[in-house]
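Student: Got a structure here, written out as structure tokens. Questions coming.
The values are calculated or read from the model by the stated rules, or taken from the named source; none is laboratory data. Note that the coordinates shown come from a computational prediction; the quantities given were computed from them, not determined experimentally. Cβ placement follows ideal geometry from the backbone for every residue including glycine, while neighbour counts extend to all protein chains displayed. Keep in mind that these areas ignore ligands, DNA and RNA; they rest on the heavy atoms of the full protein, side chains included. Shrake-Rupley method; radii C 1.70, N 1.55, O 1.52, S 1.80 Å.
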Amino acid sequence: MTFAELVDRVSSKGPFQFLHTVLLGLPILGMASHNLLQIFTAATPIHHCRPPPNASAGPWVLPIGRSGKPETCLRFVYPPNTSLHNDTQGATEPCLDGWTYDTSSRDSIVIEWDLVCSSNKLKEMAQSIFMAGILVGGPLLGDLSDRFGRKPILICSYLLLAASGSGAAFSPTLPVYMVFRFLCGCGISGISLSTVILNVEWVSTRMRAIKSTAIGYFYTVGQFILPGLAYAIPQWRWLQLTVSVPFFSCFLLSWWLPESIRWMVLSGKSSKALKTLRQVAAFNGKKEEGEKLSLEELKLNLQKEISLAKVKHSLADLIRTPILRRMTFCLSLAWFCTGFAYYSLAMGVEEFGVNLYLLQLIFGGVDIPAKFITIISVSYLGRHTTEAAVLLLAGGSILALIFVPSDLMTLRTVLAVFGKGCLSSSFSCLFLYTSELYPTVIRQTGMGISNLWARVGSMMAPLVKITGELQPFIPNVIFGTITLLGGSAALFLPETLNRPLPETIEDVETWSLRAKKPKQEPEAEKASQKIPLQPSEPGLGRS
């Protein structure tokens, strides 16, 4: 009996699974707000140079730029005659006395710390440092999760995000703010990794796609919550605090979550695993079925998993065999491209000239049909086809933005929303696909490394956007081309549809051999259909 059959035995569709999904999903609502928070807390308002203290009374005249609008980073050295207000040839200088901002809509870190003109790169750096925290947290917390369990790391991650997020709201300077945002990123990484693993390891094979997509919808709803909160709370410090404090409640609620049965078995805690299974059976109204389970039966049926605990694994195992090397390379590239392109669109809402709150609602709304189509596609077409298709479509839509004039904002917005929907589908598919491809013994480590590459991509995205100062089309060329490369790499991954989770590296090797045999030995397959197999022959070529 496999673990999936044990879960079915105590009911894989009972109230426990529903409550388990809700407890794991509720924090994801707030995680979406933290990921996209700088869209509002770092919004750049209309601004221009502040007049010098000795400027004469009267209207302050600014140089006019090539676009026909007043310059935001330059002023005349001496206030010109008002009759020459269209003169653009006078001597100019930087904003030596600071800037004047339009604060009618909201305040932000840009206003508080003057992150404009020559300092505008610090705004992108703040987002990159946040993503760097997610990058560092991935492999670090992934390894700790394999050592000490999924639940303890999840609980600590909730507390870390709550404390560091609240600390960011009271930051006196930009460097302090960046440090707290880095810690927020570490907390988010731990939450996302442990949530995905606990989610996958507590359901049967046929329910994995459904439950994974359900968790993804919590993130989608969270994207609707953020613009509402931002509209109601225009002060960036209060907004930062509002999205952080609820994680203290998540920290308390998470104590009711059970540890992964698979991890307990692999860690030699079979007695505790049996007790947990019986509690789940009782909660689902199948107490008698749970009481029938015995420690001996559990050990006998999961003997393979128990023996795995004696073997120690490391990062090197991800590239130890040819099939794992190929999987790790292709998955890493797919994760990198998804994070790279996703945050280029998600954090570039201001560029499309539409109401910031409305466009964020549209960007969040596209996830609803995207995730619905994803669950249908991964369930019928397979993970392999779905992942390749959505990345290729996303890359194409980003490259198409290059050829759309800047004054056609509606068409540009449609392309950006479509691309963002495809990349959201890619994230949903990758979380499920990666957890199914890597065996149990290195699953958390594999997820950690995969997430690391996604965060490398998301960390680089704001920095690549700076290249737009050279030529406006350069960022989209880079984002679109690399996304197409990721879609091509996904074509080389094996399919996992309707396959049980692999437990060992040898299981993955067996998958590869069975997938190749029908193609490599077509004559042997035909012969096996004509000649009856002897009892000693194990059905060569059949999957």
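Student: Filter segment 32-64 down to residues that are of a type in the set (S, T, N, Q) and modelled with pLDDT of 80 or more and give me whichever is surrounded by the fewest Cβ atoms within 10 Å (Cβ to Cβ).
Tutor: THR44
Student: Mind listing just one residue for me: the one in segment 226-238 that is open to solvent by 10 Å² or more (accessible area, probe 1.4 Å) and of a type in the set (Gly, Ala, Ser) and, of those, nearest to LEU257 (Cα to Cα)?
Tutor: GLY228
Student: Yes or no: segment 203-225 includes at least one residue that is more than 29 Å from SER426 (Cα to Cα) and crowded, with 19+ Cβ neighbours inside 10 Å.
Tutor: Looking through segment 203-225, none of the residues is more than 29 Å from SER426 (Cα to Cα) and crowded, with 19+ Cβ neighbours inside 10 Å.
Student: Sort through LEU253, LEU241 and tell me the only one that's over 21 Å from the mean Cα position of the chain (by Cα) and open to solvent by 50 Å² or more (accessible area, probe 1.4 Å).
Tutor: Just one listed residue meets the conditions, LEU253.
Student: Here's a follow-up. Of a type outside the set (Asp, Glu), surrounded by fewer than 15 Cβ atoms within 10 Å (Cβ to Cβ), under 39 Å from the mean Cα position of the chain (by Cα) and at pLDDT 65 or above: which single residue out of GLY14, GLY25, GLY98 fits that description?
Tutor: GLY98
Student: Got at least one residue in segment 225-247 being within 23 Å of PRO439 (Cβ to Cβ), out of contact with any Gly (no Cβ under 6 Å at 6 or more places or on another chain) and at pLDDT 85 or above?
Tutor: No, the conditions are met nowhere in segment 225-247.
Student: Would you say LEU501 is under 21 Å from LEU266 (Cβ atoms), touching a residue at least 12 places away in the same chain (Cβ under 8 Å), outside any helix (DSSP H, G or I) and of a type in the set (A, V, I, L, M, F, W, C)?
Tutor: yes
Student: Shifting gears a bit: Out of VAL404, VAL441, VAL464, VAL477, I need the residue that is modelled with pLDDT under 80 and among the aliphatic types (A, V, I, L, M). Which one?
Tutor: The conditions single out VAL441.
Student: Out of (1) open to solvent by 20 Å² or more (accessible area, probe 1.4 Å); (2) among the polar types (S, T, N, Q); (3) in contact (Cβ under 8 Å) with a residue 24 or more places away in the chain; (4) more than 21 Å from LEU437 (Cα to Cα), the odd one out for SER458 is which?
Tutor: (1)
Student: Please go through segment 308-327 and give me each residue that is closer than 15 Å to VAL508 by Cα, surrounded by fewer than 16 Cβ atoms within 10 Å (Cβ to Cβ) and at pLDDT below 85, ordered by number.
Tutor: Within segment 308-327, ILE319, ARG320, THR321, PRO322 qualify.
Student: Only residues in segment 237-261 that are in contact (Cβ under 8 Å) with a residue 12 or more places away in the chain and assigned to a loop (DSSP other than H, G, I, E, B) count as the first member; pair them with residues that are of a type in the set (Lys, Arg) and crowded, with 20+ Cβ neighbours inside 10 Å, Cβ under 7 angstrom, at least 6 apart or cross-chain, and list the lot.
Tutor: Note: pairs meeting the criteria are GLU259/ARG150; SER260/ARG150.
Student: For segment 496-530, enumerate the residues that are at pLDDT below 75, in contact with a Pro (Cβ under 8 Å, 6 or more places away or on another chain) and among the aliphatic types (A, V, I, L, M).
Tutor: The answer is ALA515, and nothing else.
Student: Those residues that are buried (at least 19 other Cβ atoms within 10 Å of the Cβ), of a type outside the set (S, T, N, Q) and not in a helix (DSSP H, G or I), I need them from segment 107-148; list them, please.
Tutor: LEU115, VAL116
Student: Report whether or not LEU493 is under 27 Å from ILE375 (Cα atoms), open to solvent by 30 Å² or more (accessible area, probe 1.4 Å) and at pLDDT 80 or above.
Tutor: So LEU493 fails the test.
Student: For LEU470, work out the one condition from (1) among the aliphatic types (A, V, I, L, M); (2) open to solvent by 10 Å² or more (accessible area, probe 1.4 Å); (3) under 20 Å from CYS337 (Cβ atoms) it doesn't fulfil.
Tutor: Exception for LEU470: condition (3).
Student: Working only within segment 235-253, note down all residues that are of a type in the set (Phe, Trp, Tyr) and more than 14 Å from ARG181 (Cβ to Cβ).
Tutor: Listed by number, the residues that qualify are TRP238, PHE247, PHE248, PHE251.
Student: Considering every residue within segment 221-238, establish whether at least one is among the aromatic types (Phe, Trp, Tyr) and closer than 22 Å to TRP113 by Cβ.
Tutor: Yes: one or more hits.
Student: Output the number of residues of segment 165-182 satisfying the condition of being part of a helix (DSSP H, G or I) and either crowded, with 20+ Cβ neighbours inside 10 Å or free of Cβ contacts under 8 Å to residues at least 12 places away in the same chain (or both).
Tutor: Of the residues in that region, 11 qualify.
Student: Right, another one. Quick one: VAL196 ticks every box in (1) closer than 20 Å to VAL280 by Cα; (2) of a type outside the set (Asp, Glu); (3) in a helix (DSSP H, G or I); (4) open to solvent by less than 10 Å² (accessible area, probe 1.4 Å) except a single one, so which number is it?
Tutor: In the conditions (1) closer than 20 Å to VAL280 by Cα; (2) of a type outside the set (Asp, Glu); (3) in a helix (DSSP H, G or I); (4) open to solvent by less than 10 Å² (accessible area, probe 1.4 Å), VAL196 misses (4) alone.
Student: Among the residues of segment 93-106, count how many are in contact with a helix residue (DSSP H, G or I) (Cβ under 6 Å, 6 or more places away or on another chain) and part of a loop (DSSP other than H, G, I, E, B).
Tutor: 0
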